[in-house]
Amino acid sequence: MRPADRLTFPRVLHPGAWWAWALGLATAASRTQNPVPLALVLVVTGFVVAARRGDAPWARSYVAFLKLSLVVVAVRILFQVLLSKGAQGPTVLFTLPSLPMPAGSGLKLGGEVTLEALLQAFYEGLQLATILVCVGAANALGSARRLLRHVPGALYEIGVACVIALTFAPQLVTDAARVRSAQRLRGRDVTGLRGVARLAMPVLEGALDRSIDLAAAMDSRGYGRTTDVARVPRRLTGVLVLGGLLGVCVGVYGLLDGTAARWMGLPMLVLGAVLAALGLHVGGRRTGRTRYRPDPWALPEWLVAGSGVVAAVAVLVDVHLEPASYFLASVGQVPPVPLLGTLGILVGALPAVVAPPLPTPALPAVRRDTEVAA
Amino acid sequence: MIELRRMGVTFADADEPVLTGVDLVVPEGELVLVVGRTGSGKTTLLRSLNGLVPHFSGGTLHGSVVVDGRDTREHRPRDLADVVGYVGQDPLSGFVTDIVEDELAYGMESLGLPADVMRRRVEETLDLLGLAEVRHRPLVDLSGGQQQRVAIGSVLATHPRVLVLDEPTSALDPLAAEEVLATLQRLVHDLGLTVVLAEHRLERVVQYADRIVLVPGGNAPVVSGDPATVLRDAPVAPPVVELGRVAGWDPLPLSVRDARRLAGGLREQLADAEPPERRRPDATDVVAEARGLVVTYGRVPALGGVDVRLARGEVVALMGRNGAGKSTLLKALVGMLEPSSGSVQVDGLVPSRLRPSVLVRHVGMVPQVPGDLLYAASVGRECEQADRDAQVPSGTTLALFRLLSPGVPLEQHPRDLSEGQRLTLALAGVLAAEPPLLLLDEPTRELDYTAKHRLVEILRDLADRGHAVLLATHDVELVAEVATRVLVVADGELVADGPTAEVVVSSPAFAPQVAKVLAPQPWLTPTEVAVALTDDPAVRP
């Protein structure tokens, strides 16, 4: 047994495993608007993050994602209140002054606000928020930049672009906080829309400068220095990868949408995946990059990724068996607890135990020896 | 190793070339220092060495640049990655990964080196740069000196023949800077690496240089040669060289050691002279006071019981390591932080409870990045906005800015200003409200000597007009020029507080070069010595 296969050997888990786990839970969340499984997904991700998060800066992003998801819910409800479409239920909570809109537009500004409409908006917002939190958990547990190292060679350039975009967001938040406190020094109350406009300029300038610096640094360190290849394999790679990814997209859409035609689901996904894999294989041969200390994919990775897959599959299957408990027939009813889905999501909490603990810095040799001796 | 032949650079939208007719040959194993004012084209020259100019920046390159036999006309920066290692100004923004070890390996991965070679070289680089302790740490959690060493290591791991560094120590405290420079020195001597670096803080680097390349800017020809010769009449020079010029030494000393050997006669001449008395302001006219100030970030103690009084007419320097609590003290004084315990009073008011519009009339601060204060699209509009923010008559800020930096066109975008001009624009905006207390965080970080001299004049003038100035800085020469009092913080506590000469002369880390040369006599700047030599006929040489 390799040390990497042991569940207790302290090491950093392959970030791909965390992302697979989180995407599994996100998939589960995307198929239901029942608040019970959604809340369960939230609790499960929070539990695992609390148990296995390090103290690296990206690990702190979880809270930011939580806040963002609260905003999403709030915005969804606000829009529902302002732009409700006709009567949506019998329980009128309050009535807002309404503005007449052109007939036939189907829109209504203000007017009656019903409990049912609010609940519906809350459930929909909660679904989106849960998916966001899953992404946040993945970001907190598996560094996005570290994940970049595992992108197949043919997709390397695209991977770099994505990851830089991903890591840019937290940096923008830090910059905004710094600029905001600096603006206070000029005697401005930085609040409201005007405040945002005043923040935008220095923050975006800083971001632009940094990205140019990064690009220069990457260029001078040999980024994109690929070995020359003939034109035909390059074209072939492009066609295969693009076609394959398109297939995967259609397949995923078909699988998640539920109302789409059957052929759009699994068959398309498989076909796309095969094409893409073929393209990546052909393209991977043209980059001369090598990898330094690749993260091992061992037993804990299988378990963590697997637990996410189990959660997704359980919910997907259960949606077929019992659609009524995932999409509520009437918003007012007490949300049911779907058995299979719940169990599946609970399996998603296993990484809190099966993922290896994070290593702590080694003690100096002298102290370690005395401690062992003692 | 490096050959520039009639090299010239013109950027796409510029009327004038940045550099013209540069002829330069750098043999293997030299440490070359590129000096010149801000905006003179130093960075352009450095970036042309690995092809970033013109491949990355755009523009036209005339003549030729050949490094280790490879012409940058045919080789893009990535093709030169195994020959030239380039480290930019801000190491943090050039990091591609987020862990020390991965960052060291990144360049080698791009070059496609085999895994076992990479593994071995990463270990060697960790040892060479003293980074083994932090190998698994996230890059953002490292100190400035460590980050700079990682940046150097990350390009060194590919075994380049030339190392190019742009301002490697400007943002570092004196000790971290020494750490980095010692590393470079070792690379030159042990590995025979050719190093080309640009640096504003000449006093730190000049003694290590084998050759100085002076980029005067404004189409004047680039001068290259032996440091002592080039510095004889360069517009920028470290204090020890200025002292040599004042005393008429030949050859000019480049290090404190050289100067100290030559200084015996000068010390005798100066034995009877008194350094000018620095203004000792009326200590009773207190503007700001902190008592028992404690600030904690979570479980990190940043300040542990600091007592500070600042009086009108004082220029107080706040010194100490990075992370010692300097910025925290400034933030507490300006009300950006609520103290965990203790009290802060400015003008008899508690700054953290004031509305921003009231606060600016009592305390002003220019942060480390002055651009954070600016957001308008032109200098003129920035000034108008500052007038409105400070609720002062229209034109106040502009008049101040004209006084501080004459001759800047109003329609210019703040981004296109030089670092010094941007600092003065932010300073003018802050000063518009006439705050009695002015705080500056690391103001000379990116200033060249000319801009620094200007800043010194401005600060003295402010003190004369009755402002109290507190500046957090690593720049010992600036402190020697301008400060009347020095505070040293370490580990969140105040460890020294006294007149500049008393505090800095005896300290190995904070003493300016002139003080080191003339110790035990308490002279701090070349100007003081020059004045003493000319004023007093008895001591004239």
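Coordinate-derived values only; no laboratory data. A quick note: this is a predicted structure, and the numbers were derived from the prediction, not measured. With ideal geometry, Cβ positions are generated from the backbone for all residues, glycine too; neighbour counts draw on all protein chains shown.
Here's the picture: charge each Lys and Arg Cβ at +1 and each Asp and Glu Cβ at -1 in chain B, and of B:225, B:237, B:506 the one pushed furthest to the positive end of that dipole is B:506.
What the pair-distance distribution of segment A:12-72 shows, using all Cα-Cα distances binned every 10 Å from zero, is 18, 54, 25, 2 percent. With all projection directions averaged, the alpha carbon convex hull of chain A covers 28.0 nm². Computed over segment B:2-236, the convex hull of the alpha-carbon atoms projects to a mean area of 12.2 nm². Values of log10 I(q)/I(0) for segment B:344-455 across q = 0.24 Å⁻¹ run -1.40, by the Debye formula with one identical scatterer at each alpha carbon and no solvent. Could you list log10 I(q)/I(0) for segment A:229-286 at q = 0.12, 0.15, 0.23 Å⁻¹, which the Debye formula gives when each Cα is one point scatterer? Taken in order of the listed q values, log10 I(q)/I(0) reads -0.31, -0.44, -0.74.
Distance between the 7 Å Cα→Cβ label points at residue A:207 and residue B:186: 4.0 nm.
Placing +1 on the Cβ of every Lys and Arg and -1 on the Cβ of every Asp and Glu, with nothing else charged, gives segment A:151-221 a dipole about its Cα centre of roughly 520 debye.
Note on segment B:1-48: Kirkwood hydrodynamic radius from all Cα pairs is 11.9 Å, rounded to one decimal.
With the cut-off at 1.5 for a/c, could you classify segment A:276-347 from its C-alpha gyration tensor as rounded, prolate or oblate? Verdict is prolate for segment A:276-347. Across all Cα pairs in chain B, the calculated P(r) in 20 Å bins from zero up to the longest distance comes to 20, 52, 27, 1 percent per bin. Farthest towards the positive end of the charge dipole of chain B, among the residues B:150, B:483, B:432, is the Cα of B:432, using unit charges on the Cβ of Lys, Arg, Asp and Glu. Dipole of the protein assembly as shown computed with +1 at Lys/Arg Cβ and -1 at Asp/Glu Cβ about the Cα centre; of B:214, A:68, B:303, farthest Cα towards the positive end is A:68. Across segment A:254-351, the mean sequence separation of Cα contacts (distance under 8 Å, 6 or more residues apart), normalised by length, yields a relative contact order of 27 percent. The label-point distance for residue B:136 and residue B:402, in a model that sets each label 7 Å from Cα toward Cβ, rounds to 6.3 nm. Kirkwood radius and radius of gyration were both taken over the C-alpha atoms of segment B:162-240, and their ratio Rg/Rh is 0.96.
Look at where the Cα atoms of segment A:230-262 and of segment B:151-182 average out, and the two centres are 46 Å apart. Stretching the chain fully between residue B:277 and residue B:232 yields a gain of 13.2 nm (0.36 nm per residue, less the alpha carbon separation). The mean sequence separation of alpha-carbon pairs under 8 Å and at least six residues apart, normalised by the residue count of chain B, gives a relative contact order of 14 percent.
Most simply put, chain B has about 55% antiparallel DSSP beta bridges, counting only bridges with both residues inside it. The ranking of B:40, B:327 from fewest to most other beta carbons within 10 Å of each one's beta carbon is B:327, B:40. About its Cα centre, chain A has a charge dipole of approximately 1220 debye under the convention of +1 per Lys or Arg Cβ and -1 per Asp or Glu Cβ, with nothing else charged.
Each Lys or Arg adds one and each Asp or Glu subtracts one; over the other residues with Cβ under 9 Å from the Cβ of residue B:361, this totals -2. Restricting the calculation to Cα atoms, segment B:286-512 yields a radius of gyration followed by a Dmax of 17.0, 49 Å.
Using a cutoff of 8 angstrom between alpha carbon atoms and counting only pairs six or more residues apart, the relative contact order for chain A works out to 30 percent.
The residues B:212, A:212, A:77, A:345, when put in order of fewest to most other Cβ atoms within 10 Å, stand as A:212, A:77, B:212, A:345. Taking the inverse of the mean 1/r over every pair of distinct Cα atoms in segment B:102-159 gives a Kirkwood hydrodynamic radius of 11.3 Å. Listed by number, the DSSP H helices of chain A that run 18 Å or longer by alpha-carbon position along their axis and have mean Kyte hydropathy of at least 1.6 are A:35-52, A:61-82, A:266-284, A:299-321. Rounded to the nearest 5, the antiparallel percentage of DSSP beta bridges internal to segment B:2-236 is 50%. Basic side chains Lys and Arg get +1 at the Cβ, acidic Asp and Glu get -1 at the Cβ, and with that the dipole of chain B about its Cα centre reaches some 360 debye. Summary of the geometry: segment A:111-145 and segment B:208-282, compared by the centres of their Cα atoms, lie 65 Å apart.
With a ≥ b ≥ c taken as the square roots of the eigenvalues of the C-alpha gyration tensor of segment A:184-324, please select rounded if a/c is under 1.5 and otherwise prolate if a/b is larger than b/c or oblate if it is not? It is oblate, given that a/c is not under 1.5 and a/b is not larger than b/c. Local charge for residue B:31 was computed over the other residues whose Cβ lies under 9 Å away, with Lys and Arg +1 and Asp and Glu -1, and equals -1. The shape of segment A:151-221 can be summarised by an equivalent ellipsoid whose semi-axes, obtained from the alpha carbon gyration tensor, come to 32, 12, 8 Å from longest to shortest.
Rounded to a whole number, what is D in µm²/s for segment B:63-131 from Stokes-Einstein with the Kirkwood radius over alpha-carbon pairs (20 °C, 1.002 mPa s)? Result for D is 156 µm²/s. Expressed in units of 2.2 N^0.38 Å, where N is the residue count, the Cα radius of gyration of the protein assembly as shown is 1.08.
The Kirkwood hydrodynamic radius of segment B:205-284, based on inverse pair distances between different Cα atoms, is 14.8 Å. Taking the DSSP beta bridges with both ends in the protein assembly as shown, the antiparallel portion is around 55 percent.
Taking label positions 7 Å along the Cα-Cβ direction at both residue B:341 and residue A:71, the computed distance is 3.7 nm, reported to one decimal. The ranking of A:168, A:79 by Cβ neighbour count inside 10 Å, starting from the fewest, reads A:79, A:168. Averaging the Cα positions of each part gives two centres, and for segment B:394-463 and segment A:279-334 these lie 56 Å apart. For segment B:383-398, backbone phi angles converted through the Karplus equation (6.51, -1.76, 1.60; θ = phi - 60°) give residue-by-residue couplings of 5, 4, 4, 4, 4, 5, 4, 8, 6, 10, x, 4, x, 4, 5, 4 Hz, Gly and Pro being listed as x. Residues whose amide H comes within less than 5 Å of that of residue B:302, counting only those at least five positions distant or on another chain, are B:295, B:296, B:297 (H built at 1.01 Å from N in the peptide plane).
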